[in-house]
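Asks: So that we are looking at the same thing, I have put the structure below in C-alpha cells.
Bear in mind that the values in this text are calculations on the coordinates, not laboratory data. None of the values given here were measured: they were computed from a predicted structure. No Cβ is skipped: glycine too gets one built from the backbone with ideal geometry, and neighbour counts run over all protein chains shown.
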Amino acid sequence: MKSRVGVGIVGFGTVGTGVARILLDNAGLIRRRVGVPVELIRIADLDVARDRGLSLPAGMLTQDSRQVLDDPDVDIVVELIGGYEVAKHLILEAIAKGKQVVTANKALLAVHGEELYQAASRQKVDLAFEASVGGGIPIIRALTEGLAANRILSIYGIINGTSNYILTRMTQEGLAFEEVLEESKRAGYAEADPTFDVEGIDSVHKLAIMVSLAYGTPVDVKDIYTEGITKLTPLDIAYAKEFGYVIKLLGIAKLMEGEIEARVHPTMIPVSSPIAQVHGVYNAIQVVGDAVGDVMLHGQGAGSMPTGSAVVSDILSIARNLVTGGVGRVPAASFQPDQRRPLRVRPMADIESLYYLRFMVVDRPGVLSQIAGVLGQHGISISSVLQQGRKEGQTVPVVIRTHQAAERSVQTALRKIGRMSFVSEPPMLIRVEGPDE
C-alpha cells in the first residue's frame, strides 16, 4: 500500500493557483478522505516570479516541466497549460511514463480526446478531466458513474458563463449585445478576445466531451452545429419575454433513433423551466436518463477555486485508486474501450424543432399572407403571429412561432422570403425547446 501520493502541476495560472491552494489548505481533510497524504511535490510554469499569494516550499516551483515529468515522487501529473500540441505532447509523455493524469483542457479533449483515451487505456493509467466541463459542477463523474445505469436521452447545458452573463444582462436590463460585451470585458467576465465564448466554440468543445461520454461514441467537433449569441437583439429578447420564454445559449444533445443530435445555439426555453432560472456567470446542465428522469446540476462554471475544486476531486479519486490498486476502474471515456460505437451525428438540416421567426418588413397589405404562403409551401405550420402597431409604409417586425418543422424546410423558406422586396433585413431565426402548443 502506498504511504503517500505525489502530485505535480504544469501550469500555474488561475486554475493552477486554485489547485495548489486547495491541496495545501485542505491537506488534513484530503488525507482523511484518501487514507494517506496527498502531497504537492512540484509546480512548473514559465513565470516563477509572479506572486500568487501562496507560500511554497523552496525548490517546488520551476520553469522546467521535465522536472515534473521525470520526478519519481510525482504519481499524478496535472496539466493546466491549455492549448493543443504542447499540452497533448506533455500528457502523452506522462502517460508513457506510467503517470496518472488530470487535465482541465476541454479544447484538447474535444479535438484529440480519442488519442488520449486510447493511450491511457493501453498504459493502464487513469486520465481524469472533471474540470473540463462546467467548472465546479461534477458533470463528468455524473455521466461516467452516477448515471451510468441510464440510457441518456438528452442533455441541455448552459456551459459558458460569459455568454450566460451577457444574456442575463441583456434580458434583465434591455441592453444591446455590444454594450454588455464591453462591460463584461471591463469587469473581467469576458476575455479581451471573447470569440470562443460568444461564438459558441467553448460550448461546443464541452458538448463534444459530454456526448462522447454519454453515448460512448467518438465525436468530431466539426459535426456539431455551432452558432453564437452575437446576432441577438433586445427586440428578440423582448418578444421572447412576451411569449413566456427566455433565451439561453445551450449545448443540446439528444439520442434520436440511433443517431445523435448535437448542437450549440441560442435557444428559447420556457421561463418556468429550471434551466431558465440560471443567471449571471453560473452554469447548469440538465440530463434526462431513461431510468432516473430529470437531473440538473448547477454551479459556478469557471474561476480559480470552483475549477480547482474539480481538479482536486480528480486528484483524490486517482489517489484512492492508487492506494487501493483500483487504477483503471472507470474507463477515461466512460465505456470500455472495445465497447465504444461510432454513432452518426445527425446533420443540422435533418433536425426538427419549434421556431421563432422575425421578419422586418415594409407594412403594406398582403405582406403577412405572402410570408405565410411561403411557409405553407414548405410544410411549416404557424402556431402564432404577432404584429404590433400598424405603420403603413414603414418597416415593422412580424413575428411568427411555428409548430414542429424540419430545419431544412425552414432555412429554404427563409431564403425565399428574405429575397422578397418588402423584407428590409435578413430574417431572424431562434430555435425553441418546449412543448408544441
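Asks: For 265, 403, 279, what's the fewest-to-most ordering of other Cβ within 10 Å of each Cβ?
Replies: 403, 279, 265
Asks: Can you tell me the order of 59-68, 333-342, 255-264, 106-115 when each peptide is scored by its average per-residue count of other Cβ atoms within 10 angstrom, highest first?
Replies: 106-115, 255-264, 59-68, 333-342
Asks: Please compute, over every Cα-Cα pair in the range 212-251, the percentage with a separation greater than 14 angstrom.
Replies: In whole percent, the share of Cα-Cα pairs in the range 212-251 beyond 14 Å is 63.
Asks: Go through the range 425-437 residue by residue and turn each phi into a ³J(HN,Hα) via Karplus (6.51, -1.76, 1.60, θ = phi - 60°); whole Hz please, and just put x for glycine and proline.
Replies: 7, x, x, 9, 10, 9, 6, 10, 10, x, x, 7, 8
Asks: How high is the relative contact order of the chain, in percent, counting Cα pairs under 8 Å that sit 6 or more residues apart?
Replies: In percent, rounded to a whole number, it is 17.
Asks: Do the sum for the chain: with -39,500 (n - 2.57) for every DSSP H run of n ≥ 4, divided by all residues, what is the mean residue ellipticity at 222 nm, to the nearest 500 deg cm²/dmol?
Replies: Mean residue ellipticity, 222 nm, calculated: -10500 deg cm²/dmol.
Asks: For the pairs 124/206; 2/99; 206/248; 106/222; 222/254; 106/185, note any where the Cα-Cα span goes beyond 19 Å.
Replies: Beyond 19 Å between Cα atoms: 124/206; 106/185.
Asks: For residue 368 and residue 420 in the same chain, what is the full-extension length gain: residue separation times 0.36 nm, less their Cα-Cα distance, in nm?
Replies: Taking 0.36 nm per residue and subtracting the Cα distance, the gain is 17.5 nm.
Asks: Let me ask you something else. From a point 7 Å beyond the Cα of residue 73 in the direction of its Cβ, which residues of the range 2-31 have a backbone N at a distance under 15 Å?
Replies: 3-9
Asks: Follow-up. How many angstrom lie between the Cα centre of the range 25-46 and the Cα centre of the range 285-313?
Replies: About 23 Å separates the Cα centre of the range 25-46 from the one of the range 285-313.
Asks: A further question follows. Using the Karplus equation 6.51 cos²θ - 1.76 cosθ + 1.60 (θ = phi - 60°), what ³J(HN,Hα) coupling, rounded to whole Hz, does each residue of the range 249-255 give in order, writing x for Gly and Pro?
Replies: 7, 10, x, 10, 9, 9, 8
Asks: Calculated FRET efficiency, residue 279 and residue 1, Cβ-Cβ r, R0 56 Å, to nearest 0.05?
Replies: The computed FRET efficiency comes out at 0.75.
Asks: Compute the angle between helix 367-377 and the longest alpha-carbon principal axis of the chain, please, reported from 0 to 90 degrees and rounded to the nearest 10.
Replies: That helix lies at roughly 60 degrees to the long axis.
Asks: Three principal axis extents, largest first, for the C-alpha atoms of the range 96-150, in Å?
Replies: Largest to smallest, the principal-axis extents are 31, 25, 18 Å.
Asks: Apply the Karplus parameterisation 6.51 cos²θ - 1.76 cosθ + 1.60, with θ equal to phi minus 60°, to every residue of the range 73-88 and state each ³J(HN,Hα) to the nearest whole Hz, in sequence, with x for glycine and proline.
Replies: For the range 73-88, the Karplus curve yields 7, 8, 8, 10, 9, 10, 8, 9, 8, x, x, 10, 5, 4, 5, 4 Hz.
Asks: A further question follows. Per the Debye formula with a single identical scatterer at each Cα and no solvent contribution, what log10 I(q)/I(0) holds for the range 1-123 at q = 0.14, 0.15 Å⁻¹?
Replies: Each listed q maps to, in turn, -0.60, -0.68.
Asks: For residue 377 and residue 235, what does the FRET efficiency come to when R0 = 30 Å and r is the distance between their Cβ atoms, rounded to the nearest 0.05?
Replies: Between residue 377 and residue 235 the formula returns 0.65.
Asks: How are the alpha carbon pair distances in the range 221-338 distributed across 10 Å bins from zero to the largest one, expressed in percent?
Replies: With a bin width of 10 Å, the distribution comes to 10, 27, 35, 19, 7, 2.
Asks: Using just the alpha carbons, could you tell me how many Å³ per residue the convex hull of the range 272-364 encloses?
Replies: 225 Å³
Asks: Follow-up. Could you please rank 182, 433, placing first whichever residue has the fewest other Cβ atoms within 10 Å of its Cβ?
Replies: Ascending number of Cβ neighbours within 10 Å: 182, 433.
Asks: Quick one: compute a quarter of the convex hull surface over the Cα atoms of the range 221-283 and quote it in nm².
Replies: Mean orientational projected area (the range 221-283, Cα hull): 5.5 nm².
Asks: Looking at the square roots a ≥ b ≥ c of the eigenvalues of the Cα gyration tensor of the chain, which shape do they give, rounded for a/c under 1.5, prolate if a/b is larger than b/c, or oblate?
Replies: Prolate, since a/c reaches 1.5 and a/b exceeds b/c.
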